[in-house]
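Everything below concerns the one structure shown next.
Nothing in this text is a laboratory measurement; each read-out follows from the coordinates by a stated rule. Here the structure is a predicted model, which means the values were calculated and not measured. Cβ: placed from backbone, ideal geometry, glycine included. Neighbour counts: every protein chain shown.
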Amino acid sequence: MAERCTESSGSATSESYEVSEKLSVNSAVQSGELVVKWGYSSLHYEESSIVELAAAYLGRLEELISHCLEQEEQSGQVYTPADYGLGAEISYSELDAFMDEAYNGKKRKDR
């Protein structure tokens, strides 16, 4: 069984590193949870502006998740053009029309 280290790994960047971005948003899924980290220049933004922007971002993200869950409940599994490697070639409506067409007596999306 592997032992876990309790010591800090230290900073990922040097304190002398000059950040060129005025605003950064980084996200990753860690242990099944989406973690979003905001960074900003305090010379260019007030904290209250970033808090407001982050709240709006979170609200839109929650709306998107709710929409996706509703689509899945209504239609079962939902596919996008990117699921087939066709993100640049066809639109959502073209994919939906294709999946709604009958093939051998059943709609493609029901196969």
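What pairs come up if the first residue lies in region 50-71 and is farther than 17 Å from Val25 by Cα, the second is surrounded by 10 or more Cβ atoms within 10 Å (Cβ to Cβ), and their beta carbons are under 6 Å apart, counting only those six or more places apart or on different chains?
Short answer, once both residue conditions are applied: Gln71/Val78.
Restricting attention to region 42-80, report how many residues are part of a helix (DSSP H, G or I) and either under 16 Å from the mean Cα position of the chain (by Cα) or among the small types (Gly, Ala, Ser) (or both).
Pass one, region 42-80, residues part of a helix (DSSP H, G or I): 47-75.
Remaining after also requiring either under 16 Å from the mean Cα position of the chain (by Cα) or among the small types (Gly, Ala, Ser) (or both): 48-49, 54-69, 75.
Of the residues in that region, 19 qualify.
Looking only at residues in region 81-92 that are surrounded by 10 or more Cβ atoms within 10 Å (Cβ to Cβ) and hydrophobic (A, V, I, L, M, F, W, C), which one is nearest to the chain's Cα centre (by Cα)?
Narrowing region 81-92 to residues surrounded by 10 or more Cβ atoms within 10 Å (Cβ to Cβ): 81-84, 86-87, 89-92.
Now narrow it down to the ones that are hydrophobic (A, V, I, L, M, F, W, C): 82, 86, 90.
On the way: Ala82: 14, Leu86: 19, Ile90: 21 Å.
For region 81-92, the residue satisfying everything is Ala82.
Is region 33-41 home to any residue that is part of a loop (DSSP other than H, G, I, E, B) and without any contact (Cβ under 8 Å) to a residue 60 or more places away in the chain?
Taking region 33-41 and keeping what is part of a loop (DSSP other than H, G, I, E, B), we get 41.
Now restrict to residues that are without any contact (Cβ under 8 Å) to a residue 60 or more places away in the chain: 41.
Yes: region 33-41 contains one or more residues that are part of a loop (DSSP other than H, G, I, E, B) and without any contact (Cβ under 8 Å) to a residue 60 or more places away in the chain.
With the condition kept exactly as written, say whether any residue in region 9-20 is of a type outside the set (Lys, Arg), out of contact with any Cys (no Cβ under 9 Å at 6 or more places or on another chain), part of a helix (DSSP H, G or I) and without any contact (Cβ under 8 Å) to a residue 24 or more places away in the chain.
So in region 9-20, the residues of a type outside the set (Lys, Arg) come out as 9-20.
Retained after the next criterion (residues that are out of contact with any Cys (no Cβ under 9 Å at 6 or more places or on another chain)): 9-20.
Now narrow it down to the ones that are part of a helix (DSSP H, G or I): none.
Taking every residue of region 9-20 in turn, none turns out to be of a type outside the set (Lys, Arg), out of contact with any Cys (no Cβ under 9 Å at 6 or more places or on another chain), part of a helix (DSSP H, G or I) and without any contact (Cβ under 8 Å) to a residue 24 or more places away in the chain.
With the structure loaded, tell me whether Ser41 is more than 30 Å from Arg108 (Cα to Cα), exposed (fewer than 10 other Cβ atoms within 10 Å of the Cβ) and of a type in the set (Ser, Thr, Tyr) or whether it fails that test.
Details: more than 30 Å from Arg108 (Cα to Cα): yes; exposed (fewer than 10 other Cβ atoms within 10 Å of the Cβ): no; of a type in the set (Ser, Thr, Tyr): yes.
Spelling it out, it is not the case that Ser41 is more than 30 Å from Arg108 (Cα to Cα), exposed (fewer than 10 other Cβ atoms within 10 Å of the Cβ) and of a type in the set (Ser, Thr, Tyr).
Looking at region 83-103, which of its residues are of a type outside the set (A, V, I, L, M, F, W, C) and not in a strand (DSSP E or B)? Please lay out each step first, then the result.
As a first pass, look at region 83-103 and keep what is of a type outside the set (A, V, I, L, M, F, W, C): 83-85, 87, 89, 91-94, 96, 100-101, 103.
Passing the criteria: Asp83, Tyr84, Gly85, Gly87, Glu89, Ser91, Tyr92, Ser93, Glu94, Asp96, Asp100, Glu101.
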